[in-house]
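*Asks:* Could you have a look at this structure, given as structure tokens, before my questions?
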Amino acid sequence: MAIELKDVADFIGIDITEETTVDQIKESFNSKYVPVEKHSKELGAVNGIISSATKKAFKEIGVEYEADEIKGLETKDLPSFFAEKVKAKFTDLESQKGATAEQLEEKYKGDIDKFKGQLLEKDTLLTDVKNQFDTFKTEIGQKERSNKIQGEFGKSLSTLKFSESVHELAKEGFKANLAKTYSFDLNEDGKHVVKDAEGNLITSKVRAGEPATYEEVITTAFKDSGLEQVVNPKKTTTFTPTPVPQPSNGSRQVAPRDA
């Protein structure tokens with residue numbers, strides 16, 4: 001049986017007359033029908049939007065699900081699926097009203113252990129960071145302390161005037177003996193102090209009740225070392241006379257008298 005054009009037009013709901021063109025038929029058909037590929041793609045996008053929005057909203061009330069659970073469901077089936085999830089959540093909450101602490105702990109033991117593990121990891125990480133910071137702070141403090149001590153020690157040494165006959169090894173030996181005999185340190189206020197080998201604070205001989213300075217201790221030890229450059233006050237300066245030049249003819253030249 002041959003297909004009549006009128007039957008096709010009636011089936012797709014298009015009026016065709018003698019004046020109807022092919023372009024008009026296409027336009028009328030496209031305005032009423034969507035290709036299967038396009039329909040599936042757009043429907044999938046709609047499902048994705050609905051799923052994401054619903055999942056986010058439900059997560060705020062403690063209802064969660066996996067993506068595989070709604071895979072293959074049609075849009076019309078999503079409301080029922082979500083309603084069942086919410087119902088199950090409320091049923092679970094109702095059942096917990098009469099539950100004991102032990103029952104609740106057993107029910108959520110996995111979540112509790114997981115949470116404890118996360119807290120332990122964070123606590124361990126925090127402890128490690130704190131220890132690293134404390135170590136760094138200690139190293140910086142020790143470095144600053146050492147620089148302050150060495151700076152004052154070097155400044156005091158620079159004022160010493162060694163005898164020109166003293167060898168460099170003797171100078172180094174003097175410094176080593178200072179380090180062996182005394183402890184150059186800082187007190188709790190950051191002030192320079194010197195202690196003896198037993199750890200006793202050395203007090204100043206020129207300022208009563210005050211700690212001796214680095215310079216005072218070092219200078220006193222230097223004077224006792226015999227390495228200091230000494231100026232002899234009894235030594236007198238002598239002058240070498242300048243000879244009077246003789247004339248080339250052999251006659252004696254007489255120095256002019258003062259006017």
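The values are calculated or read from the model by the stated rules, or taken from the named source; none is laboratory data. What you are looking at is a predicted structure, and each value in this text was computed from that prediction instead of being measured. Heads up, the Cβs are rebuilt from the backbone with ideal geometry, glycines too, and the neighbour counts pull from every protein chain shown.
*Asks:* Quick check: is even one residue across the range 173-185 exposed (fewer than 14 other Cβ atoms within 10 Å of the Cβ), more than 40 Å from the chain's Cα centre (by Cα), of a type in the set (S, T, Y) and part of a helix (DSSP H, G or I)?
*Replies:* yes
*Asks:* Also, I was wondering about something else. Which residues, taken from the range 186-200, are more than 40 Å from the chain's Cα centre (by Cα) and aliphatic (A, V, I, L, M)?
*Replies:* A197
*Asks:* Take the conditions at pLDDT below 85 and out of contact with any Lys or Arg (no Cβ under 8 Å at 6 or more places or on another chain) and apply them to V231. Does it pass?
*Replies:* Values: at pLDDT below 85: yes; out of contact with any Lys or Arg (no Cβ under 8 Å at 6 or more places or on another chain): yes.
Spelling it out, V231 is indeed at pLDDT below 85 and out of contact with any Lys or Arg (no Cβ under 8 Å at 6 or more places or on another chain).
*Asks:* Another question, then. For the range 53-112, give me each residue that is among the β-branched types (V, I, T) and either modelled with pLDDT under 70 or part of a loop (DSSP other than H, G, I, E, B) (or both).
*Replies:* Across the range 53-112, the qualifying residues are T54, I61, V63, T75, T100, I112.
*Asks:* May I ask you to list the residues in the range 181-204 that are over 14 Å from F153 (Cα atoms), of a type in the set (D, E, K, R) and in contact (Cβ under 8 Å) with a residue 12 or more places away in the chain?
*Replies:* Passing the criteria: only D196.
*Asks:* Next question. Taking the residues in the range 189-207 that are part of a loop (DSSP other than H, G, I, E, B) and of a type in the set (A, V, I, L, M, F, W, C) as candidates, determine which candidate is surrounded by the most Cβ atoms within 10 Å (Cβ to Cβ).
*Replies:* Kept after step one, since they are part of a loop (DSSP other than H, G, I, E, B), are these residues of the range 189-207: 189-191, 196-200, 202, 204-207.
With of a type in the set (A, V, I, L, M, F, W, C) added as a condition, the list becomes 197, 202, 206.
On the way: A197: 9, I202: 17, V206: 8.
Among residues in the range 189-207 that are part of a loop (DSSP other than H, G, I, E, B) and of a type in the set (A, V, I, L, M, F, W, C), the one surrounded by the most Cβ atoms within 10 Å (Cβ to Cβ) is I202.
*Asks:* Does at least one position in the range 136-144 carry a residue that is over 27 Å from T213 (Cα atoms) and in a helix (DSSP H, G or I)?
*Replies:* Within the range 136-144, one or more residues are over 27 Å from T213 (Cα atoms) and in a helix (DSSP H, G or I).
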